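Everything on this sheet refers to the single structure shown next.
The values are calculated or read from the model by the stated rules, or taken from the named source; none is laboratory data. Being a predicted model, the structure only gives us computed values, none of them experimental. Every residue, glycine as well, gets a Cβ built from its backbone with ideal geometry; the counts of neighbours run over all protein chains shown.
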Ligand code: SF4
Ligand code: SF4
């Protein structure tokens with residue numbers, strides 16, 4: 001299956017980092033995890049498929065087994081979506097039909113001060129642990145006799161995790177551009193495994209979250225780069241509920257994100273942060289609202305990347 005002419009290009013990390021003078025976040029633990037992902041996980045994206053295939057009576061039977069496995073491996077949630085051409089990055093092609101979308105929460109206690117070394121390390125920690133879940137889930141599916149591909153949360157994936165997760169019932173798109181999950185809130189990461197194993201698909205949900213975003217502007221108020229929009233963008237297309245989408249100004253967000261420990265302020269300040277998380281089930285003392293370190297934003301950048309469109313809000 002080829003990407004749609006309307007598909008966005010894959011995010012060109014190197015070009016974006018070059019546009020802000022290079023990658024400057026220098027936290028030893030972050031760099032160690034990045035290296036571990038490259039050395040320990042990249043080589044395990046593919047593997048041998050068991051020639052003896054396990055047959056399933058129904059697609060639902062296969063879905064239930066795979067979802068149970070993902071949860072056993074440590075997933076916070078798992079859902080299944082049919083892949084459409086618009087879910088594939090521009091100029092990419094895949095052979096698979098189903099996406100098994102896996103989410104894993106980040107720890108609220110690591111976002112008590114944002115941005116911070118601790119919040120940056122937590123982002124990378126979950127990229128690694130979620131990477132392990134999708135790699136091991138793919139190994140499980142290959143052992144069942146079905147080929148599949150790992151779409152790592154941090155890697156150069158062929159598919160767009162967010163629209164697939166929305167179709168797989170993960171939640172609704174928030175004003176800050178991230179999905180808000182009814183149970184996990186917005187503080188989680190996504191990865192996928194794609195396959196042709198016939199699976200029963202899940203469906204998008206309407207829990208009233210997107211409607212709430214129309215009156216709540218907390219993330220917009222606390223975004224130091226003023227990158228989160230006031231209004232939805234009709235030209236950006238509809239979300240799964242038929243709403244015009246909110247589109248973050250990447251040219252303003254990225255320089256802040258790149259200079260300030262992957263920023264992430266918009267996630268812990270989100271009103272959909274579940275208050276029971278603040279108790280922290282493992283007994284750690286946490287705050288109901290994080291300390292926000294808002295620095296003067298760097299200059300906006302707009303690298304010359306074909307067809308990468310985003311609104312330019314409140315540009316000076
Ligand atoms: S990551 Fe930071 S700069 Fe980017 S939208 Fe969120 S709060 Fe704004
Ligand atoms: S902070 Fe408010 S407006 Fe922003 S995403 Fe969360 S609920 Fe929506």
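Residues of segment 93-113 that are under 19 Å from the mean Cα position of the chain (by Cα) and under 29 Å from residue 262 (Cα atoms): 99, 100, 101, 102, 103, 104, 105, 106, 107, 108, 110, 111.
Per-residue answers, yes or no, for (1) surrounded by fewer than 21 Cβ atoms within 10 Å (Cβ to Cβ); (2) part of a helix (DSSP H, G or I):
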position: 95; (1), (2): yes, no
position: 100; (1), (2): no, no
position: 103; (1), (2): no, no
position: 119; (1), (2): no, yes
position: 125; (1), (2): yes, yes
position: 132; (1), (2): yes, yes
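Of the residues 166, 160, 187, 144, the single one that is more than 16 Å from ligand 2 (Cβ to nearest atom) and under 16 Å from the mean Cα position of the chain (by Cα) is 160. Check whether at least one residue in segment 213-224 is more than 12 Å from ligand 2 (Cβ to nearest atom) and more than 16 Å from residue 162 (Cβ to Cβ), and report yes or no. Yes, segment 213-224 contains a residue that is more than 12 Å from ligand 2 (Cβ to nearest atom) and more than 16 Å from residue 162 (Cβ to Cβ).
Flag not set for residue 153, criterion: within 15 Å of ligand 2 (Cβ to nearest atom) and crowded, with 21+ Cβ neighbours inside 10 Å. Of all residues in segment 14-21, at least one satisfies being within 21 Å of the chain's Cα centre (by Cα) and surrounded by 14 or more Cβ atoms within 10 Å (Cβ to Cβ). Applying a threshold of 8 Å to beta carbon distances and a minimum spacing of six or more residues, or different chains, the list of pairs starting in segment 227-239 at a residue that is at positive phi and modelled with pLDDT of 85 or more and ending at one that is more than 16 Å from ligand 2 (Cβ to nearest atom) and outside any loop (DSSP other than H, G, I, E, B) is empty.
Among what's in segment 172-184 and is assigned to a loop (DSSP other than H, G, I, E, B) and within 7 Å of ligand 2 (Cβ to nearest atom), pick the residue that is surrounded by the fewest Cβ atoms within 10 Å (Cβ to Cβ).
Of the residues in segment 172-184, the ones assigned to a loop (DSSP other than H, G, I, E, B) are 174-178, 182-184.
The next check asks that each one be within 7 Å of ligand 2 (Cβ to nearest atom); those that pass are 174-176.
Details: 174: 24, 175: 26, 176: 26.
By that ranking, first place goes to 174.
Looking across segment 134-162, the residues that are touching a strand residue (DSSP E or B) at 6+ places or on another chain (Cβ under 8 Å), more than 16 Å from ligand 1 (Cβ to nearest atom) and not in a loop (DSSP other than H, G, I, E, B) come down to 134, 135, 137, 138, 141, 142, 148, 149, 150, 151, 159, 161. Is there a residue in segment 196-205 that is within 17 Å of the chain's Cα centre (by Cα) and either on the phi < 0 side of the Ramachandran plot or away from ligand 2 (no atom under 16 Å from the Cβ) (or both)? Yes. Within segment 39-59, being part of a helix (DSSP H, G or I) and either surrounded by fewer than 12 Cβ atoms within 10 Å (Cβ to Cβ) or in contact with a helix residue (DSSP H, G or I) (Cβ under 6 Å, 6 or more places away or on another chain) (or both) holds for 39, 41, 43, 44.
Listed by first and then second residue, the pairs with beta-carbon distance under 7 Å, at least 6 apart or on different chains, first residue in segment 240-253 and over 17 Å from residue 230 (Cβ atoms), second in a helix (DSSP H, G or I) and at pLDDT 90 or above, are 240/166; 240/167. Only helices (runs of 4 or more DSSP H) whose full extent lies in segment 196-285 are considered here, and the ones with at least 3 residues that are within 25 Å of residue 12 (Cα to Cα) and within 14 Å of ligand 1 (Cβ to nearest atom) are 250-259.
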